[in-house]
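Down below is the structure, laid out as structure tokens.
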Amino acid sequence: MKTRILVVDDNTDIQDMLKSMMEHQGWEVCQAANGKEALEIAQNQTPDLIVSDILMPVMDGYALCRLCKADPKLKDIPFVFYTATYTDPHEKDFALDLGADSFVDKPQKPSTLIKILKDLLEKKKSTQSQPRKMFGEEMEFFRRHNEILFSKLEKKMSDLEAANLELRKAEEQYRLNFENINDIIFTFDMDLKIISMSPSVEKLLGYKAEDFIGQSASDLGRLMKTQFTEQAIDDINRIINGEVIPPKFYEVTKKDGTMTIVEISASLIKRDGKAAGVVCVSRDITERKKSEEQLRDSEERFRILAESSPTAIMMFQNDKWIYANSAVTEITGYTKQEILAMNFWDFVHPDDQKIVIERGKNRQQGLPVTGRYEFRIVAKDGRVKWIDLSGATVVYNGQPAGIVSVLDITARKQADEALRESEKRYRLLVDKLPDLVFVLNMDLKTIYVTPSVQTLFGFTQEERLLQTVDQQMTPESLEIVMNTLARELELEKEGRSDPNRKIMMELEYYHKDGSTRWVETIVSGVRDEKGNLVAVHGVNRDITEHKKAQEELHRTLDRLNNAMNTTIHVLAAAVEARDPYTAGHQTRAANLACAIAAEMGISRDKVDGIGMAGSIHDIGKLSVPAALLSKSSKLTSVEFSLIKEHAEKGYEMLKDVESSWPLAEIVYQHHERLNGSGYPRKLKEEEILLEARILAVADVVEAMASHRPYRPALGIEAALEEIEKNRGVLYDRSVVEACLTLFRKKGYHLPDLSA
């Protein structure tokens with residue numbers, strides 16, 4: 001049979017607590033709200049132990065204990081007072097004098113209380129209860145009883161007055177809060193009538209509180225669309241029925257017709273444990289909604305940008321990856337899910353982990369960290385890759401976090417390594433070359449030179465780097481260099497420079513022992529990624545011995561040429577004797593051609609050959625009838641065809657003449673044009689000898705500037721405009737530039753042969 005415990009307390013919460021505690025021990029529990037109810041239960045269902053409070057309505061605990069101990073049926077039942085109502089020592093003594101077995105103060109640890117009850121139950125089993133001797137007459141009981149109860153009641157009244165004072169203060173504070181709060185607080189009764197409305201409704205919606213008092217929930221239709229009103233009524237009914245409804249958002253129309261968004265939270269009002277209505281709190285969240293919408297838009301834009309970016313974007317916090325975009329998979333081989341389960345250093349190459357971990361932890365702590373660095377990772381398939389990481393520290397969820405962008409630079413690293421190897425091989429090769437390789441800046445300062453400079457000129461690399469260009473070569477060679485550079489810079493300025501152009505010059509350099517060395521120099525421009533000229537690259541080859549042999553040959557040739565010149569002059573004179581109107585043309589054209597060639601930096605030997613060819617370039621006119629040469633009217637097509645044959649006739653006359661210069665071919669080609677429109681063979685561009693291209697320009701300029709039988713002189717400006725207009729089309733661009741420089745910048749004039 002179960003142990004039966006009778007619990008007596010007017011506080012249902014205490015009852016339920018004790019019942020739960022005792023049923024956990026396997027005991028049966030009966031409950032009563034006062035002494036009278038408890039006595040009736042005890043007489044009908046005798047308990048094994050009674051636990052009672054003191055102050056209770058109808059009958060208090062002291063009276064209950066006295067009557068139980070006076071009842072033969074109940075007097076041996078252990079009686080325990082369990083109270084917190086203003087206990088003091090004499091109250092405990094009174095209880096024990098009544099026959100109570102224990103007096104326990106609230107609150108008490110459950111384990112302690114259960115032990116007290118168990119001990120009393122065991123004691124009841126072993127011994128017969130011996131009630132205390134009653135303290136005498138009935139009046140004495142009532143006296144002490146009343147003293148204690150009056151004392152308790154006085155204390156309780158005092159406490160109630162104090163509590164009421166605090167309550168009034170709280171109510172006043174609540175009233176002030178209610179009237180001044182920005183949110184709208186309103187309540188419904190069980191019939192869905194509005195019974196209160198905070199004054200803040202006027203500030204938020206423009207209405208007064210009295211505009212709503214007494215109205216039903218359905219009247220809210222003037223504020224909200226029908227679907228929102230129906231939803232609100234349904235939510236209120238559900239709350240009344242005991243459901244918990246989360247906050248809802250509603251669009252509300254203000255008195256002035258504008259719209260606002262409110263968040264309404266509602267909860268049930270209870271009185272005496274029963275539903276009495278619903279209280280609602282409405283908060284204007286229009287600005288919050290706008291901010292949230294802007295935030296969502298911003299987040300969506302970021303998401304689209306991040307997910308579509310070819311650059312891997314990642315974020316880590318607390319040593320874990322917390323975000324990775326789709327591009328991460330391309331670099332690492334891991335899925336986003338796999339990445340988010342890893343530490344941020346898991347795929348870093350073991351040799352690089354230490355520095356990466358150190359920088360990552362510092363970044364998470366908000367410490368200064370290098371913003372960009374390179375390191376290796378190991379992809380999922382085991383391949384080692386180089387990445388370029390750019391990072392920054394941000395605050396995410398209130399804590400520092402690292403956000404990084406990652407670029408795969410493996411290909412670049414491989415290219416760099418290949419370039420370094422190539423440069424290494426190139427430098428080894430260049431350093432062993434007998435030719436001298438050098439680089440000049442745009443101030444003509446040597447910034448690099450191969451070790452062969454010592455073999456060629458006797459200077460060490462260090463000594464050469466300290467020398468200026470005028471210390472390296474003779475004044476004559478320096479002038480050639482400066483003129484060439486000035487011409488190229490002018491073309492560069494005008495946007496007409498050929499980036500692939502190579503210039504060859506023969507220059508005389510100083511040797512450390514005081515002698516000189518002749519070198520063949522080939523130079524080209526060095527340009528940056530924007531195409532700007534930033535340096536000059538060149539190669540020097542020693543031609544001193546060749547130059548000596550050449551000079552000896554020149555001396556021999558000079559002797560031959562002297563003899564040839566005599567013949568040439570005779571032939572030229574013969575041509576001019578047959579064409580008195582063009583007397584001096586060949587000589588003037590030859591002089592101009594030589595000047596152009598010199599301006600271009602062409603060797604002296606070639607200049608001499610050009611001069612010789614220019615002196616007899618019209619020798620073929622000996623085969624043309626004299627009448628045609630001096631005809632003052634326009635030539636017919638047949639006559640002009642005969643005239644055009646002079647180039648080929650001249651070739652036939654000269655082709656068997658032994659000479660160090662291609663005289664016959666120069667004469668043959670001097671009427672050819674770059675675009676193939678010339679005669680007699682329609683040659684184009686590089687098919688035409690440079691000497692012939694030079695003579696062609698000189699021939700046109702002299703002819704146009706001078707008098708002819710069929711027209712007066714057109715003048716030098718007309719001639720220059722002709723070659724300028726057709727440079728690169730009919731005439732060689734470099735030749736034209738040199739010719740224009742002579743006339744327009746250096747004051748060249750065609751020689752006056754009449755003097």
* Pull out the extension gain between Gln461 and Ser20, defined as 0.36 nm times the separation in residues minus the alpha carbon to alpha carbon distance; nm, one decimal. => 148.6 nm
* Structure fact -> Placing each pseudo-label 7 Å from Cα in the direction of the beta carbon, Thr636 and Glu685 end up separated by a distance in nanometres of 4.0
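Report the charge-dipole magnitude of segment 264-345 in Debye, nearest 20, computed about the Cα centre from +1 at each Lys and Arg Cβ and -1 at each Asp and Glu Cβ. Kindly include the intermediate steps, with their values, before the conclusion.
Working: 12 positive and 12 negative charges, 121 e Å.
Dipole about the Cα centre, nearest 20: 580 debye.
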* To do: Subtracting the Cα-Cα distance from 0.36 nm times the residue separation, let me have the gained length for Lys380 to Gln45 in nm, one decimal.
  => 112.8 nm
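Dipole of segment 313-413, Cα-centred, from +1 at each Lys and Arg C-beta and -1 at each Asp and Glu C-beta, to the nearest 20 debye?
Numbers: 13 positive and 11 negative charges, 26 e Å.
Dipole of segment 313-413, to the nearest 20 debye: 120 debye.
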* **For segment 313-413, Kirkwood radius (reciprocal of mean inverse C-alpha pair distance, Å)** => 13.5
* Structure fact -> Volume per residue (Å³) of the convex hull spanned by the alpha carbons of segment 181-289 is 99
* Asked: Which of rounded, prolate, oblate describes segment 433-542, given a ≥ b ≥ c as roots of the alpha-carbon gyration tensor eigenvalues and a/c under 1.5 marking rounded, otherwise prolate only if a/b is larger than b/c?
  -> prolate
* Give me the lysines in straight-line cross-link reach of Lys248: C-alpha distance below 19 Å, same-chain residues under 8 apart excluded. => Lys225, Lys289, Lys290
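Show me the trypsin sites (Lys or Arg not before Pro) within segment 1-77 that DSSP assigns to loop and that have at most 14 other Cβ atoms within 10 Å of their Cβ.
Here the trypsin sites (Lys or Arg not before Pro) that fit, given the DSSP loop and packing criteria, are Lys2, Lys73, Lys75.
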* With a point put 7 Å past each Cα toward its Cβ, work out how far Glu251 is from Gln399 in nm, to one decimal. => 4.1
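So what's segment 599-755 giving for Rg/Rh, alpha carbon basis, Kirkwood Rh from the mean inverse pair distance? Working shown, then result.
Details: Rg = 15.6 Å, Rh = 16.4 Å.
Looking at segment 599-755, the ratio lands at 0.95.
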* Just subtract the alpha-carbon distance of Glu645 and His349 from 0.36 nm times their residue separation and send over the number in nm, one decimal. => 98.5 nm
* Work out the P(r) tail for segment 1-111: percent of alpha carbon pairs separated by more than 18 Å, whole number. => 44
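Considering only DSSP states other than H, G, I, E and B, which GluC sites (Glu not before Pro) in segment 223-305 qualify as loop sites with at most 15 other Cβ atoms within 10 Å?
Numbers: sites: Glu230, Glu243, Glu251, Glu263, Glu287, Glu292, Glu293, Glu299, Glu300; in loops: Glu243.
Answer by residue number: Glu243.
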* Structure fact -> Each label sits 7 Å from Cα toward the beta-carbon; between Ser422 and Asn675 the label points are separated, in nm, by 3.9
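Only sites in a loop by DSSP and with at most 10 other Cβ atoms within 10 Å count here; which trypsin sites (Lys or Arg not before Pro) in segment 593-659 make the cut?
Working: sites: Arg604, Lys606, Lys621, Lys631, Lys634, Lys644, Lys649, Lys655; in loops: Lys631, Lys634, Lys655.
In loop regions of segment 593-659 (DSSP not H, G, I, E or B), the sparsely surrounded trypsin sites (Lys or Arg not before Pro) are Lys634.
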* Express the Stokes-Einstein translational diffusion coefficient of segment 179-228 in µm² s⁻¹, to the nearest whole number, given a Kirkwood radius over alpha-carbon pairs, 10 °C and a viscosity of 1.306 mPa s. => 141
* Asked: So which of Lys621/Lys746; Lys493/Lys725; Lys684/Lys745; Lys606/Lys682 end up more than 22 Å apart, counting from Cα to Cα?
  -> Lys621/Lys746; Lys684/Lys745; Lys606/Lys682
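Values quoted throughout were computed directly from the atomic coordinates according to the rules given, and no laboratory measurement underlies them. Just so it is clear, the structure is predicted and the values come from calculations on it, not from any experiment. A quick note on method: Cβ atoms are made from the backbone with ideal geometry, for glycine too, and the neighbour counts reach across all protein chains shown.
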